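Student: The following block contains the structure, expressed as structure tokens.
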């Protein structure tokens, strides 16, 4: 099984590398991404990019989002692309198991996405240490948390993307559906957070007071655990659903 | 046991050194009253059906394909040929009935079926961003061939198909025929026991088509592999297949050896080219008991004969009447005529 997953991953990477008219163009694109997101942004943000509690703050977030957007076409291409280029049926007619095909594709995209994020973030650390004077700049807890969070975000987007791509007849349709499917829930979470904040401000102290007291007394620990579990579950849920829906006999649409 | 007549060229495919190979009789077991070797069917289909919404793509198919046979699955566009292949490979689930391949139900044992099969489907199914070598490497890995096997077998097939010089080029830039050849290499790479070929000669030049036909014949005749072939080229089917099924609107119209199907389309025929043929002579020929129909066209006498007809007697009649006979050709209905007849009957 692992060998088959690796076979699919290798194929995906080779296709990605050969995407343009030449490999030189692909590597030039990679160089540009690292130069902007991994060197220019960290230098613009300075020491706080690595040591700040926000894990690189706005610069870190831009870097992650930039890479995610670079990877999104790959996700949309996962199955819809194979279907559009008339290779899906041959792939499904091969000896490879359902799981090997699914995990191979997911693994290849996550590895590229998160690999690029790691590359840009470590490039940022190196750039900061080379350019800025003073004590060595080491990544803080926020930096590590943001880097781990980027992996979860990658997993979530790839899971949603694959889920959408499984049934989409073309890459274009998969991309459009994926945008709403992936970013809709994220926007909803942000909106609900803002709403909760506003409501908390508007509620009378008689209601918010006991909650605040409980949080100050250490009652926040279960909340953090709950939030942590939700953070892990949200990225994994679309993948689990994709595994459930990946059935050869339902993938040929015509 | 009666001898099996005319089994096409797959009967004795020549080896590369030019020596003949013993005929593979198992391929001819169906429709000719027996064979030297009894083989279990590679494919067994029983009342197989598949609906897409309200559309019935495959409707109650039942047939069996013995191991080592080239099975020709013939039918017009949209008749259900590709859907049947998809059902056999477990890429679609049947709405009714069942299909077993190598004894495995296509619903439950599709992984095993695919492991032992190779399929060239409607499209070549090649990764156009990859080179020929990379494509074969991927599929070789998918079938868990060792690195040595992948290299050796890949080289052998690419050389055989005349693609070796272009092995490091991306497939996307290739012509349709070259892609089709590479797709055939992909199918044969892991030496499958069962080979599905959906219109394999489509897009190939005449030389490549002839070469592929020879290869298909050798696969069944020499290596005992089963080939499930769909084609619109009826001459090709006639030449290659030990068993033919004709499908239309999802239903099987006929099944048998090409000779059987041809026999159903009509009895023996003769064409006599002669000078001095006239209406009176035609009338006398028509009166002969062994002649079913006779027609005079461009100085040629076209005859549909009854079984056991003596053409020599007809020639003697013509010569006696003063005609100068130049050429006599005997024949039978072609598979194409049989096929067209079936299509006409069910229109």
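The values are calculated or read from the model by the stated rules, or taken from the named source; none is laboratory data. Remember, predicted model here, so these are calculated numbers, not experimental data. Cβ placement follows ideal geometry from the backbone for every residue including glycine, while neighbour counts extend to all protein chains displayed.
Student: In the set B:247, B:216, which member is in a strand (DSSP E or B) and in contact with a strand residue (DSSP E or B) (Cβ under 8 Å, 6 or more places away or on another chain)? Give the derivation first.
Tutor: Working: B:216 fails: in a strand (DSSP E or B).
Exactly one of B:247, B:216 is in a strand (DSSP E or B) and in contact with a strand residue (DSSP E or B) (Cβ under 8 Å, 6 or more places away or on another chain), namely B:247.
Residues are listed down the side, and each one gets a yes or a no for (1) closer than 24 Å to residue B:84 by Cβ; (2) modelled with pLDDT of 90 or more:
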{"position": "B:149", "(1), (2)": "no, yes"}
{"position": "B:184", "(1), (2)": "yes, yes"}
{"position": "B:210", "(1), (2)": "no, no"}
{"position": "B:215", "(1), (2)": "yes, no"}
{"position": "B:232", "(1), (2)": "yes, no"}
{"position": "B:239", "(1), (2)": "yes, no"}
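Student: Sticking with this structure for a sec: Testing residue A:83 on (1) crowded, with 20+ Cβ neighbours inside 10 Å; (2) within 14 Å of chain B (Cβ to nearest Cβ); (3) in contact with a helix residue (DSSP H, G or I) (Cβ under 8 Å, 6 or more places away or on another chain), one condition comes back false. Which one is that?
Tutor: Going through (1) crowded, with 20+ Cβ neighbours inside 10 Å; (2) within 14 Å of chain B (Cβ to nearest Cβ); (3) in contact with a helix residue (DSSP H, G or I) (Cβ under 8 Å, 6 or more places away or on another chain) one by one, residue A:83 breaks only (3).
Student: Out of (1) buried (at least 17 other Cβ atoms within 10 Å of the Cβ); (2) more than 10 Å from chain A (Cβ to nearest Cβ), the odd one out for residue B:152 is which?
Tutor: Only one criterion in (1) buried (at least 17 other Cβ atoms within 10 Å of the Cβ); (2) more than 10 Å from chain A (Cβ to nearest Cβ) is unmet by residue B:152, namely (1).
Student: I'd like to check something: does region B:226-234 contain any residue that is part of a helix (DSSP H, G or I), in contact with a helix residue (DSSP H, G or I) (Cβ under 9 Å, 6 or more places away or on another chain) and either closer than 28 Å to residue B:147 by Cα or in the same structural domain as residue B:131 (by the TED database) (or both)?
Tutor: yes
For (1) under 24 Å from residue A:4 (Cα atoms); (2) not in a loop (DSSP other than H, G, I, E, B), each residue gets a yes or a no:
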| site | (1), (2) |
| --- | --- |
| B:72 | no, yes |
| B:82 | no, yes |
| B:90 | yes, no |
| B:98 | no, yes |
| B:107 | yes, no |
| B:112 | yes, yes |
| B:119 | yes, yes |
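So that you can scan it fast, the table gives a plain yes or no per residue for (1) in contact with a strand residue (DSSP E or B) (Cβ under 9 Å, 6 or more places away or on another chain); (2) free of Cβ contacts under 8 Å to residues at least 40 places away in the same chain; (3) buried (at least 23 other Cβ atoms within 10 Å of the Cβ):
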{"residue": "B:184", "(1), (2), (3)": "yes, no, yes"}
{"residue": "B:191", "(1), (2), (3)": "yes, yes, no"}
{"residue": "B:205", "(1), (2), (3)": "no, yes, no"}
{"residue": "B:223", "(1), (2), (3)": "no, yes, no"}
{"residue": "B:237", "(1), (2), (3)": "yes, no, yes"}
{"residue": "B:259", "(1), (2), (3)": "no, no, no"}
{"residue": "B:285", "(1), (2), (3)": "yes, yes, no"}
{"residue": "B:288", "(1), (2), (3)": "yes, yes, no"}
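Student: Being closer than 23 Å to residue B:287 by Cβ and part of a helix (DSSP H, G or I) is the requirement here; does residue B:325 meet it?
Tutor: no
Student: Is it true that some residue in region B:119-129 is farther than 27 Å from residue B:87 by Cα, modelled with pLDDT under 95 and surrounded by fewer than 23 Cβ atoms within 10 Å (Cβ to Cβ)?
Tutor: yes
Student: What is the one condition in (1) touching a helix residue (DSSP H, G or I) at 6+ places or on another chain (Cβ under 7 Å); (2) on the phi > 0 side of the Ramachandran plot that residue A:46 does not satisfy?
Tutor: The failed condition is (1).
Conditions (1) in contact (Cβ under 8 Å) with a residue 40 or more places away in the chain; (2) away from every other protein chain (no Cβ under 14 Å); (3) within 27 Å of residue B:160 (Cβ to Cβ), marked per residue:
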site	(1), (2), (3)
B:44	yes, yes, no
B:49	yes, yes, no
B:53	no, no, no
B:61	yes, yes, no
B:99	yes, no, no
B:112	no, no, no
B:117	yes, no, yes
B:126	yes, no, yes
B:132	yes, no, yes
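This table checks each residue for (1) within 13 Å of residue A:90 (Cβ to Cβ); (2) more than 14 Å from chain A (Cβ to nearest Cβ); (3) not in a helix (DSSP H, G or I).
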residue: B:122; (1), (2), (3): yes, no, yes
residue: B:135; (1), (2), (3): yes, no, no
residue: B:140; (1), (2), (3): no, no, no
residue: B:144; (1), (2), (3): no, no, yes
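Student: Might you check whether a residue that is touching a helix residue (DSSP H, G or I) at 6+ places or on another chain (Cβ under 6 Å), assigned to a loop (DSSP other than H, G, I, E, B) and farther than 30 Å from residue B:42 by Cβ occurs anywhere in region B:267-274?
Tutor: Checking region B:267-274: not a single residue is touching a helix residue (DSSP H, G or I) at 6+ places or on another chain (Cβ under 6 Å), assigned to a loop (DSSP other than H, G, I, E, B) and farther than 30 Å from residue B:42 by Cβ.
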